[in-house]
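These notes are about the structure you will find just below.
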């Protein structure tokens, strides 16, 4: 608790740019400075891995735990069966109970990499424990009676869906999430719910429910979503989401994602996704032109180290530098190993690109070549009928570059 006395974590979160909205700002700040607070963040298990969008929440939980507060990571085994309409244009695909349980187990494993779950430090709970066996009539009498349909329809998470259609299934989501807060408040004295800013309406529902039912204070705090300087959501690539699971997004690809963020986003990412002191964030974030690349390297290394560990971060860094003519030649550049027969049968550049999955279609490959977007061993290919031969192989492999930043090593055995 010594660190908490030195500096209120509320001020740390505010300075680093996490905070979006707070229900009772002065009270929350005073509470966090006065005592160890048990708080929770909910994660619906809609996939078998957390992604970069979740990572902001994980960082906040870590900052809070370091300041002496107790995080509860709530896995939505129950709410995941319904689906949150917040920020969605269509109803989410229904998942089976088995899938939800499988995804919940994967989340638990990932959380333990970031948070200390030893006695009294943090908890993992699953709302399936109290939601799946609820008596619906009792639930309506205890919880539903406190919700005004008029107010719910005015909430941002519902308003945007009314024209397109909002199912009654999804309409229940706010009540279920609010009930989670009430259950956790009763069982573990949880006073504070945190979440992304798209959860503001749902969090307000829980705060209001506890104050009405229990007559005790409850608070909510939301965080800015991870977006680019022009407002687009970060964490998406041509291949899809950037996952925290190394089997879904390799540590190298993860490193490269951060190494290649826009200049304008570097400072914000350093503040939100690393633990570097703010003076260093300010210094790196203010670098200009070519020098900003040094800041991007620091960002990529630090985020990869936090998510995948120091060893994987070092390998990713070495692989990245090898591609630019520095570092060890055997660095772990992403690639594909093919047989000699496969190489001979796909010696046309477009066929090879398609074989190693660097392009989604051969038509896209031809378009890229015409635009000068494909190089082999740093030689630009301009002919869509270009044929590769043994002379292109250096020690049994060749390096393909797509665009400026995507490298792929093809090894022929």
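The values are calculated or read from the model by the stated rules, or taken from the named source; none is laboratory data. Here the structure is a predicted model, which is why all the values come from computation and not from measurement. Cβ coordinates were reconstructed from backbone atoms using ideal geometry, including for glycine residues, and neighbour counts include every protein chain displayed.
Rundown of residues vs (1) within 28 Å of residue 112 (Cα to Cα); (2) touching a helix residue (DSSP H, G or I) at 6+ places or on another chain (Cβ under 6 Å); (3) at pLDDT below 95, yes/no style:
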residue	(1), (2), (3)
249	yes, no, yes
253	yes, no, yes
262	no, no, yes
270	yes, yes, no
279	no, no, no
293	no, no, yes
302	yes, no, no
305	yes, yes, no
Just to be sure I understand the filter: pairs with C-beta atoms under 6 Å, separated by 6 or more residues or on different chains, first member in the stretch 147-169 and closer than 12 Å to residue 202 by Cα, second member at pLDDT below 70 and in a loop (DSSP other than H, G, I, E, B). Which pairs pass? 157/85; 157/86
Do you know which of the residues in the stretch 378-395 that are in a loop (DSSP other than H, G, I, E, B) and surrounded by 13 or more Cβ atoms within 10 Å (Cβ to Cβ) is modelled with the lowest pLDDT? 393
Selection from the stretch 396-412 of residues that are under 37 Å from the mean Cα position of the chain (by Cα) and assigned to a loop (DSSP other than H, G, I, E, B): 403, 404, 405
Taking only the stretch 119-133 into account, find how many residues are surrounded by fewer than 17 Cβ atoms within 10 Å (Cβ to Cβ) and assigned to a loop (DSSP other than H, G, I, E, B). 5
Any idea which of 71, 45 is in a loop (DSSP other than H, G, I, E, B) and in the same structural domain as residue 167 (by TED's automatic domain parsing)? 45
